[in-house]
1. Does at least one position in region 56-69 carry a residue that is away from the ligand (no atom under 16 Å from the Cβ), touching a helix residue (DSSP H, G or I) at 6+ places or on another chain (Cβ under 7 Å) and either touching a residue at least 24 places away in the same chain (Cβ under 8 Å) or not polar (S, T, N, Q) (or both)?
2. Given (1) farther than 30 Å from LEU194 by Cα; (2) surrounded by 11 or more Cβ atoms within 10 Å (Cβ to Cβ); (3) without any contact (Cβ under 8 Å) to a residue 60 or more places away in the chain, where does LEU107 come up short, assuming only one miss?
3. Quick test for you: out of ILE152, ILE142, ILE132, ILE87, pick the one residue that is surrounded by 12 or more Cβ atoms within 10 Å (Cβ to Cβ), free of Cβ contacts under 8 Å to residues at least 40 places away in the same chain and not basic (Lys, Arg).
4. From the residues in region 168-200 that are modelled with pLDDT of 90 or more and within 18 Å of the chain's Cα centre (by Cα), which one is farthest from GLN126 (Cα to Cα)?
5. Could you tell me whether LYS188 is over 30 Å from GLU4 (Cα atoms), out of contact with any Gly (no Cβ under 7 Å at 6 or more places or on another chain), assigned to a loop (DSSP other than H, G, I, E, B) and without any contact (Cβ under 8 Å) to a residue 60 or more places away in the chain?
6. LEU116 fails exactly one of the following numbered conditions: (1) surrounded by 11 or more Cβ atoms within 10 Å (Cβ to Cβ); (2) of a type in the set (A, V, I, L, M, F, W, C); (3) within 22 Å of the chain's Cα centre (by Cα). What is the number of that condition?
7. When the residues of region 41-55 are narrowed to those that are near the ligand (Cβ under 8 Å from one of its atoms) and crowded, with 16+ Cβ neighbours inside 10 Å, which ends up farthest from ASP14 (Cα to Cα)?
8. Looking only at region 16-40, count every residue that is more than 16 Å from the ligand (Cβ to nearest atom), touching a helix residue (DSSP H, G or I) at 6+ places or on another chain (Cβ under 9 Å) and either closer than 16 Å to ASP53 by Cα or not charged (D, E, K, R) (or both) and tell me the total.
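The values are calculated or read from the model by the stated rules, or taken from the named source; none is laboratory data. Please read these numbers as outputs of a predicted model, since none were measured by experiment. Because the Cβ atoms are built from the backbone with ideal geometry, glycine has one as well, and the counts that use them run over all protein chains shown.
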Amino acid sequence: MIIEIIKSSISILDALELYSSIDVGSINTRKKRFNICCPFHNDRNPSFTIYTDTNRFRCWSGCNEGKTGDVIDLVALSLNTSKSNAIKILRNKLSKKHLGDEFLTELKQKMKKNKLLADIHYNFEQEVKEAIDTLSRLDRLISKKLTQIKTIEHLNKFGDLYHLKPTINYWLDSLLENDVSIVFYTLKDAKTFLERLNYK
Ligand SMILES: [Zn+2]
């Protein structure tokens, strides 16, 4: 728990200010992510990204294999000490407020909510994946059927498939869109259609 408290109550920027040679006051820190010169290697072009949304950092050059991590890793690297020592140092930095019951309850609720959101996101992704699989299979099946149309009787029987194919292809395209709302409504339409068709 102490690790979660540290990660959620001490910012990367505060740690940089306190434990590294970086002068945080001279940086525009309002953006979600921005680059500064890496404090861990001789960096001429700013290649050290600070992620204020996730409270993490990453060096994209110079530091072997790209050093990346959280506020604890940052302090361990800055002070050239172990992770457990960095945790001890940061623990001492925490105020009484951060170790109080009220803060802990709030933190636990926040973590629960984040877990819930991650679960919802995962389930949605799974549903999208399944829909893409099912529609792709259906698309292949329709293509096969269409090549088998040789007579007028066949055409009467399977002709409707000609109209279905573009719709399925449109859904397949839309399910791969970046826009979540497009994916969401496409999934809804596709699922309704597949349920009516009873095709799995
Ligand atoms: Zn570096």
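1. Here is the first cut: in region 56-69, the residues away from the ligand (no atom under 16 Å from the Cβ) are none.
No, every residue in region 56-69 fails to be away from the ligand (no atom under 16 Å from the Cβ), touching a helix residue (DSSP H, G or I) at 6+ places or on another chain (Cβ under 7 Å) and either touching a residue at least 24 places away in the same chain (Cβ under 8 Å) or not polar (S, T, N, Q) (or both).
2. Of everything listed in (1) farther than 30 Å from LEU194 by Cα; (2) surrounded by 11 or more Cβ atoms within 10 Å (Cβ to Cβ); (3) without any contact (Cβ under 8 Å) to a residue 60 or more places away in the chain, LEU107 misses just condition (3).
3. Numbers: ILE152 fails: surrounded by 12 or more Cβ atoms within 10 Å (Cβ to Cβ); ILE132 fails: free of Cβ contacts under 8 Å to residues at least 40 places away in the same chain; ILE87 fails: free of Cβ contacts under 8 Å to residues at least 40 places away in the same chain.
When all the criteria are applied, what remains is ILE142.
4. Filtering first and then ranking leaves SER181.
5. Values: over 30 Å from GLU4 (Cα atoms): yes; out of contact with any Gly (no Cβ under 7 Å at 6 or more places or on another chain): yes; assigned to a loop (DSSP other than H, G, I, E, B): no; without any contact (Cβ under 8 Å) to a residue 60 or more places away in the chain: yes.
No; evaluated as a whole, the condition is false for this residue.
6. Of the numbered conditions (1) surrounded by 11 or more Cβ atoms within 10 Å (Cβ to Cβ); (2) of a type in the set (A, V, I, L, M, F, W, C); (3) within 22 Å of the chain's Cα centre (by Cα), the odd one out for LEU116 is (1).
7. Within region 41-55, the first condition is being near the ligand (Cβ under 8 Å from one of its atoms), and the residues that meet it are 41, 43, 47-48.
Right, trim to crowded, with 16+ Cβ neighbours inside 10 Å and you get 43, 47-48.
Values: ASP43: 21, SER47: 19, PHE48: 16 Å.
In this case the residue turns out to be ASP43.
8. 5
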